[in-house]
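The values are calculated or read from the model by the stated rules, or taken from the named source; none is laboratory data. Given the structure is predicted, the values throughout are model-derived calculations rather than measurements. Virtual Cβ from ideal backbone geometry, glycine too; neighbours counted across all protein chains shown. These area figures cover heavy atoms from the full protein model, side chains too; ligands, DNA and RNA do not enter into them. Shrake-Rupley method; radii C 1.70, N 1.55, O 1.52, S 1.80 Å.
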Amino acid sequence: MRKLGISFVLALVAVLSTVQTPAQCGAPITLVKAGRFLDPRTGNVLAPAAVLVEDGKIKEVGSPSQLQAHAPAGVKTIDLGSATLLPGLIDSHTHLLMDIVLQAEAERARHLNGGYVPAQLLAIVESPGKRVLLGAQMAREDLESGITTVRNLGHSGIDGDTELRDAINAGRVPGPRILASGRKLETHGETYVQNLNPALADAILQQEFLLFDGPDSARQAVRQNVFHNVDVIKVTAEENLTVPELAAAIEEAHRNHLKVAVHAVDKTSIQTAIDAGADSIEHGNDITDEQLKQMRDKGMFFDFTPTSYGHFFTKVFEGTIAESLVLRAKRLEADQRNRQLFNDLAQQVLKSEFVDGSDVSDDQLYNSLVQRVLKSGVKFAAGTDMDWHYLGKTRGQASVGRFLTLHEAGMPSLDVIRATTTNAAEMLGWQDRVGAIEPGRFADLVAVAGDPLADITELERVRFVMKNGEVVKNDFAPH
Ligand SMILES: [Zn+2]
């Protein structure tokens, strides 16, 4: 009996001593090594590089030998070989709870509901539960492509994005860090949902928007969002929005320590946003040089959203045609010849490059916009405004593809990376948390095989993702 007791104690001691390795006792520590580390802030490259991660945060950045010496013996090490490390990407403008299937032009024309042609309208009347689960999928897909932080600017029902944020933070579902705006504020304008059944219209609109009239109701709308614990306020500026109304919303948001992102596309709305003191202007397509100068002087951010660039909507629409052809082929199971025909047609559509006139992209406008913003010295970041179903791509792949169009439009690679890391973090007010691989920030890292400065499309092939010190994916690991 006594002998048995001693061996039990010895076994217990053995178990306890294995448990008390540095990685498991107290804060977990990981050493990440890579061939290179690109610092977006300076453009400098450290080679070789290492990052010491402790308790989900970056503790130290330096050479592998230096950090190895500072790390506890037997520290968990992730060796990424010759890969290039970067901060996790930030999408400053997205809509995770929408995945709209673009419909044919004829359908859009027949069912015009302001800017809410039937596809968007269908998206917002769906069950909130269904939408939030869709959002969970989009969030996971973003994270897998290296997007470790997003700012979700509306179209989430009443609390879909705040709930998704909390579920991710609680570890229930994987996804990026989310700054959630709740419902977006807007006036009764011309471009959003119209011509609905009057008996249902208010219920539908209130599910998606906080409609206000006058400064007092603008303040009240901000407070409603504060009640739902949002991280940011989104306001859509149309030409009928007044400066006092927007200024009231902004003052109320700032009182609650929230930044205000203002959707403004035309010159009048952009001027309203500037005069009322917005923190960022979203889209800003028609901005003048004089307005860029005003933004620069006030320290406002310009948030590029090159969503339509490169005939994007044509490709998205072609995808829906191809998808329906493939579905048709599936139904023709007994008819081998016709099935082949429809499958071939689908392939042809996917390969084609036709522009059907419904494509609203204006590449020339964007090429000049990129040059003018860079020249103006205004602070800028980038978002995707992604809410479209893109056949054959995950949400993350489609989103990163949008960032790359900034380079096609003339933005140097380093600025594209800044727009989606350091600059974006500052615009979000999270410069002490994300956007750079620096001590004290969350350990949100990505790695690509090549040199993203030489080939920015490397960002489309993110092979390693770490969020909060935890590995999300590592294609460099030996299989
Ligand atoms: Zn948007």
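Observations, loosely collected:
- Protein heavy-atom accessible surface, 1.4 Å probe, per residue over the range 77-189: 32 Å².
- Length added when fully stretched, Ala199-Gln347, from 0.36 nm per residue minus Cα-Cα: 48.9 nm
- Distance between the 7 Å Cα→Cβ label points at Phe227 and Ala334: 5.9 nm.
- Taking the C-alpha atoms only, the angle from helix 289-298 to the longest principal axis of the chain is near 50 degrees.
- Those GluC sites (Glu not before Pro) in the range 258-337 that DSSP places in a loop and that have at most 16 other beta carbons within 10 Å: Glu333
- Nearest 10 degrees, 0 to 90: helix 160-169 Cα axis against the chain principal axis: 10
- Whether the chain is rounded, prolate or oblate, judged on the alpha carbon gyration tensor where a/c under 1.5 counts as rounded: prolate
- Calculated FRET efficiency for the pair Ser82/Ala27, C-beta based, R₀ 25 Å, to 0.05: 0.30
- For the set Lys330, Lys375, Lys76, Lys315, the ranking by accessible area, highest first and with no ligand, DNA or RNA atoms included, is Lys375, Lys330, Lys76, Lys315 under a 1.4 Å probe.
- Angle in degrees between helix 198-208 and the longest Cα principal axis of the chain, rounded to the nearest 10: 30
- Inter-centroid distance (Cα atoms) of the range 357-413 relative to the range 273-342, Å: 9
- Exposure of Arg219 as accessible area (Å², to 10), given a probe of 1.4 Å and all protein chains: 60
- The accessible area of Tyr116, taken with all protein chains in place and a 1.4 Å probe, comes to roughly 20 Å².
- Full extension of the chain between Thr268 and Glu126 gives 47.8 nm of extra length, using 0.36 nm per residue less the Cα-Cα distance.
- Efficiency of FRET between Ala69 and Leu414 - r from beta-carbon atoms, R0 35 angstrom, step 0.05: 0.65
- For the set Lys379, Lys467, Lys473, the ranking by accessible area, highest first and with no ligand, DNA or RNA atoms included, is Lys379, Lys473, Lys467 under a 1.4 Å probe.
- The gain in end-to-end length when the Asp55 to Leu112 segment is fully stretched comes to 15.3 nm, 0.36 nm per residue minus the alpha carbon separation.
- The solvent-accessible area of Leu122, taken with every protein chain present and a 1.4 Å probe, is close to 100 Å².
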